[in-house]
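**Q** What follows is a structure written as structure tokens; I'll ask about it next.
Bear in mind that the values in this text are calculations on the coordinates, not laboratory data. The model shown is predicted, which means the values in this text are computed figures rather than measured ones. Glycine also receives a Cβ, built like all others from the backbone with ideal geometry; neighbour counts cover every protein chain displayed.
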Amino acid sequence: MQRVLHFAQQFDTSGFFPQLAVWHDRERYAMSFGTLMPMEPSLRQHMEAHGVECLSLDCKSRAAYPGGLLRLAAYLRSRRIDIMHAHLFEPSVVGLPAALLAGTPVRVMTRHYSDYHTRINKRWHTRLDRMCTALSQAVIAVSEHTAEVMRTEESAPPGKLRVIYNGIDFERVKLTSPEAPETLRRELAPNGEFLLLQVGRMHPEKGYDHLIDAMPRVRQESGRPVRLLIAGTGPLQAGFEERTRQRGVTDVVTFLGFRKDIADLMAAADLVVLASVAEAFGLVVTEALYLGKPIVATRVGGIPEIVDDGRDGLLVPPANPDALAEAILRMIRDEPLRSRLSGTGREKVQERFSFERMMREYEAVYQELLSQGSRSAHGARLGSHSRL
């Protein structure tokens, strides 16, 4: 049995990392899960309940990273970890050198972001991205767009890149009760408002400012009451709330904060929006399509690899409030279009974006690299014998 360590930041609001514990192949892999920063207690509880050993380096600042790197290398050696799988930026910067130092046979990284560092000109971050690619034997890109960014903007060796789409666990994307969506509609749209929903952390990449800027026109031209629900948290929330005041749309925009009932909210909404200016993949879009919701999203990153424009959603240029407003208004006014786009993406999501499929593809990469290592070791032994 091979030992694999998945190494991440500290917590997870998307549900991605907890599902690793659910779907890994227990007959072939003994899984451990580690975090660079103090592990969120509920995440640890979930992992341990699924038989996954947990490690928290408890780094509370970047100054603690060198010591954390050494502790991680010691853990990898003592547990005889065969596969280090690093996720996200800082865990990769710490985890991959630790695995090299420990002599871990297989080093894999998943790039969950695409052009963020190059786009905002973070040169040192881009250099560190290149270092992480160099230290990895394979890099899993979550979309073709992410792989293309790595090839063209970071000079990543094409032979190292594997495109594996993120997956969703369909058991997680289900209603808390059959009546939950209607209950939410009575609460959030008491006057029969057309409900728009965007889900995601409060980050500039999510395009909330452009969506808020689109709302005055949407309200003015919709011909019916409308409400935008924003589900997510982050340090920029106060700024976005101020923007709604400046645009005079506080009466039609509701900030819900962090919610655990995202599936209920999506089912209650008439339209799910994703106004991102950058998006490596777009997990929220796959969940919405699975629940049968029509989509308005921006044509950025991996989103066009999920949403088929005109078939299960409408795609618009990024950072363009007028284009967003036009697409939203079209969906509000054209009920036959909305009905035609609803539900058509569900089968596609089931076939292409399941968490089980993603895990089997991860594990196929592990086996490929382990086999290469075995062949290299065998060749080295043969070479040493030939010199005797």
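**Q** Mind checking which of L96, L291, L370 has the largest fluctuation in a GNM of the chain, springs on alpha carbons under 10 Å?
**A** Top of the fluctuation ranking is L370.
**Q** Given R₀ = 41 Å, FRET efficiency for R346-E53 by Cβ-Cβ distance, to 0.05?
**A** The formula returns an efficiency of 0.65 here.
**Q** Counting alpha carbon pairs within less than 8 Å and at least 6 residues apart, what relative contact order, in whole percent, applies to the chain? Mind showing how you got there, number by number?
**A** Details: 708 pairs, mean separation 53.5, N = 388.
Reported relative contact order: 14 percent.
**Q** Between D309 and Q237, what is the FRET efficiency for a Förster distance of 35 Å, r being their Cβ-Cβ separation, to the nearest 0.05? The partial results should precede the final answer.
**A** On the way: r = 31 Å, r/R0 = 0.87.
Here the calculated transfer efficiency is 0.70.
**Q** Given points 7 Å out from each Cα along the Cα-Cβ axis, report the E144 to R217 separation in nanometres with one decimal.
**A** It is 3.0 nm.
**Q** By how many nm would the segment from L70 to A364 lengthen if fully extended, with 0.36 nm per residue of separation less the alpha-carbon distance? Mind dumping the intermediate values first?
**A** Working: separation 294, 0.36 × 294 = 105.84 nm, distance 2.93 nm.
Computed gain between L70 and A364 is 102.9 nm.
**Q** Can you pull the semi-axes for segment 180-351, root of five times each eigenvalue of the Cα gyration tensor, sorted largest first, whole Å?
**A** Details: eigenvalues 90, 65, 54 Å².
Equivalent ellipsoid semi-axes, largest first: 21, 18, 16 Å.
**Q** Among all lysine pairs in the chain that are eight or more places apart or on different chains, how many have alpha carbons less than 18 angstrom apart?
**A** On the way: K174/K260; K174/K293; K174/K348; K293/K348.
Counting lysine pairs in the chain gives 4.
**Q** Could I ask something else about it? Cβ neighbours within 10 Å, averaged per peptide: list 54-67, 351-364, 76-89 in order, most packed at the top.
**A** Values: 54-67: 14.6, 351-364: 17.2, 76-89: 20.7.
Going from most to least packed, we get 76-89, 351-364, 54-67.
**Q** Just from its helices, what would the mean residue ellipticity at 222 nm be for the chain, if runs of 4 or more DSSP H residues each count -39500 (n - 2.57) and the sum is divided by every residue, rounded to the nearest 500 deg cm²/dmol?
**A** Details: 16 runs with 180 residues, N = 388.
Helix-only estimate at 222 nm: -14000 deg cm²/dmol.
**Q** Could you give the length gained by full extension between R245 and E171, i.e. 0.36 nm per residue of separation minus their alpha carbon distance, to one decimal place? Mind showing how you got there, number by number?
**A** Working: separation 74, 0.36 × 74 = 26.64 nm, distance 3.85 nm.
Result for the pair: 22.8 nm of gain on full extension.
**Q** Write down the Å³ per residue value for the convex hull defined by the alpha carbon atoms of the chain.
**A** On the way: hull volume 58.7 nm³, N = 388.
Residue-normalised Cα hull volume stands at 151 Å³.
**Q** Once you put a point 7 Å from the Cα of E335 and another 7 Å from the Cα of A134, both along the Cβ direction, what distance in nm separates them?
**A** With each label placed 7 Å out from Cα toward Cβ, I get 6.2 nm.
**Q** Still on this structure, I have one more. Quickly rank 30-39, 240-249, 265-274 as a protection proxy: mean count of other C-beta atoms within 10 Å, highest first. Display every interim value, and only then the final one.
**A** On the way: 30-39: 21.4, 240-249: 15.3, 265-274: 24.3.
Descending packing order for the listed peptides: 265-274, 30-39, 240-249.
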